[in-house]
Amino acid sequence: MGENPHKKGEKPPLFFWQYICNHFYILILICISIFVLPFNNQNNMPETVFSILLGIGLAASVGFRIFVPLFALSIASYYGIIPLNENWQWIGSTAAMITLGIATIVEIGAYLIPWLDNLLDTIAVPLAAIAGTAVMLSTMADLDPVVTWSLAIIAGGGTATAIKSSTSTTRLASTATTGGLANPVVSTVESGTSIIMSILAFLWPPLAIIFVIIILWLLFKVFKWFRPRKESLP
């Protein structure tokens, strides 16, 4: 009665450690981005740090929903809220804003359908890497091209991929333990988190980074709750 289903000394499964490594990987990327790379542009450091934090915040949002931060970026550019890299001015066009808005609605709706959400996750991880890199590139300015691309791929794409991998793992655990019944709840939380992350990234990027850390901790707790447990032997 009340016996722990895990035997004492039993090693956690491999995907458990992969989940932990994903979270430490994100934190390391954030630290490198904030404290190391800005020194490549000391003459304009405040703006550089702001653009890095903004990019990481949006990349983290990509890890939850791919099109939500892109749509937010399009709206911000359209209304002149933030300046974008000159090669990304097109994202602020009316056509881009409408297209990304439709894609956002379709993506959010599709993730509310059990089993289809797991299918989407199979293609969402590589797409998150591309989108995370893209949003990071769009916000970066006045940095050496090598540094810009390195930061975009490692911090932007890496953060988005790590978070998307973690959410996919949580959804698989939810599917295995509830037969997919709890998946719409998980998807709703993810969509809401992506929207909040995108808003915070524009209002105050440092708060977005703090929110990322809190969400990673909550994801870990949810993952442990949904993780399939072995039945205790008689």
Fill in the blank from the handout: Flagged pairs (Cβ under 8 angstrom, 6 or more apart or on separate chains; first in the stretch 79-91, touching a residue at least 24 places away in the same chain (Cβ under 8 Å) and closer than 15 Å to Leu54 by Cα; second of a type outside the set (D, E, K, R) and assigned to a loop (DSSP other than H, G, I, E, B)) are Pro83/Ala141; Asn85/Met140; Asn85/Ala141
Practice task
Please find, among Ile130, Ile82, the residue that is over 22 Å from Ser187 (Cβ atoms) and either hydrophobic (A, V, I, L, M, F, W, C) or at pLDDT below 90 (or both).
Solution key: Ile82
Handout entry: Residue identified as more than 25 Å from Leu200 (Cβ to Cβ) and within 21 Å of the chain's Cα centre (by Cα) among Leu127, Leu100, Leu119
Key = Leu119
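It is to be established whether one or more residues within the stretch 106-123 are more than 23 Å from Gly180 (Cα to Cα) and either assigned to a loop (DSSP other than H, G, I, E, B) or at pLDDT 90 or above (or both).
no
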Practice task
List the number of the failed condition for Val146; all other conditions in (1) within 22 Å of Asp117 (Cβ to Cβ); (2) at pLDDT below 80; (3) not in a loop (DSSP other than H, G, I, E, B) hold.
Solution key: (1)
Practice task
Residue by residue through the stretch 160-199, note down the ones that are surrounded by fewer than 21 Cβ atoms within 10 Å (Cβ to Cβ), touching a residue at least 24 places away in the same chain (Cβ under 8 Å), under 30 Å from Pro83 (Cβ atoms) and among the aliphatic types (A, V, I, L, M).
Solution key: Ile195, Ile199
Handout entry: Top-ranked residue of the stretch 59-105 - restricted to ones that are of a type in the set (A, V, I, L, M) and in a loop (DSSP other than H, G, I, E, B), ranked as surrounded by the most Cβ atoms within 10 Å (Cβ to Cβ)
Key = Ile66
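The values are calculated or read from the model by the stated rules, or taken from the named source; none is laboratory data. The structure displayed is predicted, hence computed values, not measured ones. Positions of Cβ are generated from backbone atoms using ideal geometry, with glycine treated the same way; all protein chains shown enter the neighbour counts.
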